[in-house]
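Below you'll find the structure, written out as structure tokens, and then a few comments.
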Amino acid sequence: MTIQTILQKLVENGIISGRQTTLIADYELKKPFSIHWELRSVLYIGILLFSAGTGIIIYENIDTIGHQAIIAIIATLTVACFFYVSKHSLPYSHDEVKSPVKLADFVLLLGCTTFLALEGYLQFQYNVFGTRYGLAIIIPTIVFFFCAYRFDHKGALSMAITGLASWLGLTIAPMSIFENDFTEGRLLVTAVILGSMLVGFGWVSEVKKVKKHFAFTYMFLGGNLSCIASLIGLFSQDLKIVYFVIGLGLTCFFVLRARHQQSLIFLLMGVIYGYIIITYSLFTLLGDEAAFLLSSVYFMASSVGVIIFLLKFKKFLGIKNEKSI
Amino acid sequence: MKKAYNETWVENLYILRKASKWLEKGLLSTAQMDELKISFPEQFYRPGIFVKIGLFFFGTIACSFFVGFASIFFLEGGSGQSFSVLSIICSASFFFFLEYVIKNRNLFHSGVDNALLYAAASCAVAPLFLLFEDAPLSVYLIISLLVLIPATLRYADLLAAAVSFFLLFTLLANLMMKFPLGKALLPFSLMILAALVYFWVKRNKDVYYLDCQKVLEVLSLVTFYLGGNYFVVREGNASLNALNLRVSPQIAFSSIFYTFTTLIPILYITFGFKKHNRILLIIGMLTLAFSIYTYRHYFSPLTVSQELIFVGVMLIVVAAAAIRYLHVPKHGLSDEKEEERQFANLEAILVAQSLGQTPQENGIEFGGGNFGGGGAGEVY
């Protein structure tokens, strides 16, 4: 189907006039070919390769260059980044603030990364923090939280949350959650509590309208952590009922949230985690033999049930609006 | 092949998408857009990507446990024959469900129908494999193609199209390998078939297959390039002839392959710009990168770090110059953002994944090598 046939159809249906047809056809013929994302990708791959190359060269020649020089370079870069960002920033507001300068977001992220590198370098070479590792982690965390709110940057926020989690000995990045050693009961409890608190904090920032676009980051990172931790708690710990209640509470919260929030990723999270929790608990209650007998019927019926729910979730949750991601 | 999804709706969907672009540019009025929506209705159930993932996930579970459930009645004997019967019955029921949900629930590549189609096709192929035990590979390939190609034509499924493409080329390679001359001509035959597939799908005017067409275009362009790539041919030649040498030997007609390796990416990029074809352009850039890799693999005088810096600087200069040059659209090219990023929220999470690893307690993560600035490039 070409543009011409579409335009013809529109004319036949009396929607557009002949003059408009020529306008649109003209636009389609002459519209420029945007290579915006291609150019950006090339640029960023270039930066990536260049910094990797420089990194290797510095690493190879560290004896000739000297540590002080390198630290000085990284420190200058960090200061320059933060200076640039603060110079171009708008005043703080509870609402979303879009930076007027295109590059500012990227520079802030660069500054945060070099700040981490700088601190790591100082500790590695000069043992600045000694054995006070907690201090070494909480300093960048505080800096990142400040940057996230001051300059309105979700990337800095998620770096800050990651820092906060690792201050408590946890890894929160979604793909690395299973690197945590959840056999240790204390860590598991910490994970559940931290995750739930992050979810709660995200919810509060949404309700109180303080940077409410940050809610997604808080809830996604926190929600994944606490859901997975309560799943593992449910599987391996004695106080199953506690983890069951917490996990199910969170999943219900996520499913119901789909009513308010456009993003349906929480609906998916809620459904999948909830399904695992309910299935596991049901099978534990029934015992192994009954569970084995029932398994194929159960899984078939329940997954069809979930499918029907997902097909009609708008009706079930009373969502009216059409648009959703 | 009769199409499974409502063709008029697919076309209307396409018209509405085009029209909404025109609306954005102010070529249509909102009133006209509303009129359009009434004149060109579509009722497909198209949930967001995450609901689709959930539907696919649970669809797959349901299908596999359906097979498990049905097997209770069939696997008493446990022979190959009863397995075949089971497979055919499952396949038939999956196809039946598939048609049912498409007709009655108005699904349109929404996860459940994808899962059902894959389950049905797998179950349809399985008994034939049992039937032709110990047959040559080509027989299996042909059987699978006989199921997949009609399925692609009817359901316009992307994965089915891609797998058919892959099977077709495996079949060709398999046939060519049987003759000594065929081995030598393998790269050329792959290229010819890829070119044929490309120009054949290019002729498609049907909106129904638009996405399949794109997938096949990408695959055939990549295959055409790889068939002529010097690195692939040289290393492939060495491994096909089971030469366990440390350095694979020079190949016959090497100059032809040098030419292909250099010219194909340039041609792709040139035509990409000329025809405003994004697929050609992007594949051209990627293949160019692979050509550069091929060159350095055999001839590079530089060390890895020097190469990284050199290539990095080149890319930065070219991109920055182009961005500056295209400040105002020129030669039919522009640097304007066409579509907003859909997943900006998730990109922030990626930052946490890739950059946010604060120093670990044991201090191993501290280190001279952590020049993390470049990592930022991945996300922004």
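The values are calculated or read from the model by the stated rules, or taken from the named source; none is laboratory data. Note that the coordinates shown come from a computational prediction; the quantities given were computed from them, not determined experimentally. Cβ atoms come from the backbone with ideal geometry, glycine included; neighbour counts cover every protein chain shown.
The figures follow:
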read-out: Hey, B:ALA252 farther than 14 Å from B:SER291 by Cα, aliphatic (A, V, I, L, M) and exposed (fewer than 14 other Cβ atoms within 10 Å of the Cβ) or not; value: yes
read-out: Filter pass, A:GLU119 being surrounded by 16 or more Cβ atoms within 10 Å (Cβ to Cβ), within 10 Å of chain B (Cβ to nearest Cβ), out of contact with any His (no Cβ under 6 Å at 6 or more places or on another chain) and within 30 Å of A:THR2 (Cα to Cα); value: no
read-out: Total residues in region B:257-278, condition within 12 Å of chain A (Cβ to nearest Cβ) and surrounded by fewer than 21 Cβ atoms within 10 Å (Cβ to Cβ); value: 7
read-out: Which listed residue is among the hydrophobic types (A, V, I, L, M, F, W, C), closer than 25 Å to B:GLY68 by Cβ, out of contact with any Pro (no Cβ under 9 Å at 6 or more places or on another chain) and at pLDDT below 90, from B:LEU153, B:LEU131; value: B:LEU131
read-out: Count of residues meeting criterion [among the β-branched types (Val, Ile, Thr) and within 14 Å of chain A (Cβ to nearest Cβ)] in region B:200-218; value: 1
read-out: Residues located in region A:198-209, provided they are touching a residue at least 24 places away in the same chain (Cβ under 8 Å) and exposed (fewer than 14 other Cβ atoms within 10 Å of the Cβ); value: A:LYS209
read-out: Inter-residue pairs, beta-carbon under 7 Å, first within 24 Å of A:LEU39 (Cβ to Cβ) and in region B:295-318, second outside any helix (DSSP H, G or I) and at pLDDT below 80, 6+ apart; value: B:GLU307/B:SER300; B:PHE310/B:LEU302
read-out: Filter result (of a type in the set (Val, Ile, Thr), in contact (Cβ under 8 Å) with a residue 40 or more places away in the chain and over 19 Å from A:THR162 (Cα atoms)) within region A:95-141; value: A:VAL97
read-out: Test for A:LEU103: is it crowded, with 20+ Cβ neighbours inside 10 Å, in the same structural domain as A:TYR133 (by TED's automatic domain parsing) and closer than 30 Å to B:PHE310 by Cβ; value: no
read-out: In region B:321-336, the residues that are free of Cβ contacts under 8 Å to residues at least 12 places away in the same chain and part of a strand (DSSP E or B); value: B:LYS330, B:SER334
read-out: Residue selected from region B:1-51 under the condition in contact with a helix residue (DSSP H, G or I) (Cβ under 8 Å, 6 or more places away or on another chain) and of a type in the set (Lys, Arg), by the criterion surrounded by the most Cβ atoms within 10 Å (Cβ to Cβ); value: B:LYS18
read-out: Enumerated helices (runs of 4 or more DSSP H) restricted to region A:1-77, each holding at least 3 residues that are crowded, with 17+ Cβ neighbours inside 10 Å and outside the structural domain of A:LEU103 (by TED's automatic domain parsing); value: A:3-12, A:18-30, A:36-60
read-out: Residue in region A:86-100 that is away from chain B (no Cβ under 11 Å) and of a type in the set (A, V, I, L, M, F, W, C) present; value: yes
read-out: Filtered residue count, region B:279-294, keeping only those that are touching a residue at least 40 places away in the same chain (Cβ under 8 Å), over 20 Å from A:ILE56 (Cβ atoms) and either facing chain A (nearest Cβ under 8 Å) or of a type outside the set (A, V, I, L, M, F, W, C) (or both); value: 3
read-out: Residue in region A:76-86 that is aliphatic (A, V, I, L, M), at pLDDT below 80 and either farther than 14 Å from A:THR113 by Cβ or touching a helix residue (DSSP H, G or I) at 6+ places or on another chain (Cβ under 9 Å) (or both) present; value: no
read-out: Odd one out for B:ASN237, checked against (1) at pLDDT below 90; (2) surrounded by fewer than 17 Cβ atoms within 10 Å (Cβ to Cβ); (3) under 23 Å from B:ALA289 (Cα atoms); value: (2)
read-out: Considering residues of region A:229-264 that are assigned to a helix (DSSP H, G or I) and within 14 Å of another protein chain (Cβ to nearest Cβ) only, the residue farthest from A:LYS212 (Cα to Cα); value: A:THR251
read-out: Of the criteria (1) at negative phi; (2) touching a residue at least 24 places away in the same chain (Cβ under 8 Å); (3) within 13 Å of another protein chain (Cβ to nearest Cβ), which one B:GLY111 fails; value: (1)
read-out: Candidate set: region B:36-54, residues that are within 20 Å of A:ILE16 (Cα to Cα) and without any contact (Cβ under 8 Å) to a residue 12 or more places away in the chain; chosen: the one nearest to the other protein chains (Cβ to nearest Cβ); value: B:SER39
read-out: Condition met for B:ILE72 (without any contact (Cβ under 8 Å) to a residue 40 or more places away in the chain, within 11 Å of chain A (Cβ to nearest Cβ), surrounded by 17 or more Cβ atoms within 10 Å (Cβ to Cβ) and within 30 Å of B:GLU133 (Cα to Cα)); value: no
read-out: Qualifying residues in region A:134-174 (those that are part of a loop (DSSP other than H, G, I, E, B) and at the interface with chain B (Cβ under 10 Å from one of its Cβ atoms)) - the one surrounded by the fewest Cβ atoms within 10 Å (Cβ to Cβ); value: A:GLY169
read-out: Meets criteria (of a type in the set (Ser, Thr, Tyr), closer than 23 Å to A:ILE138 by Cα and in contact (Cβ under 8 Å) with a residue 24 or more places away in the chain) for A:SER176; value: no
read-out: Residue match in region B:243-262 (condition: over 16 Å from the mean Cα position of the chain (by Cα), within 30 Å of B:LEU148 (Cα to Cα) and in contact (Cβ under 8 Å) with a residue 40 or more places away in the chain); value: no
read-out: Pick from region B:240-253, criterion within 14 Å of B:HIS297 (Cβ to Cβ) and polar (S, T, N, Q), ranking: modelled with the highest pLDDT; value: B:GLN250
read-out: Residue satisfying condition, being out of contact with any Asp or Glu (no Cβ under 8 Å at 6 or more places or on another chain) and either at pLDDT 85 or above or of a type in the set (D, E, K, R) (or both), within set A:ILE278, A:ILE319; value: A:ILE278
read-out: Test: residue in region B:301-320 that is at pLDDT 80 or above, at the interface with chain A (Cβ under 10 Å from one of its Cβ atoms), part of a helix (DSSP H, G or I) and exposed (fewer than 13 other Cβ atoms within 10 Å of the Cβ); value: yes
read-out: In region A:42-80, the residues that are of a type in the set (Gly, Ala, Ser) and either touching a residue at least 60 places away in the same chain (Cβ under 8 Å) or more than 8 Å from chain B (Cβ to nearest Cβ) (or both); value: A:GLY66, A:ALA69, A:ALA72, A:ALA75, A:ALA80
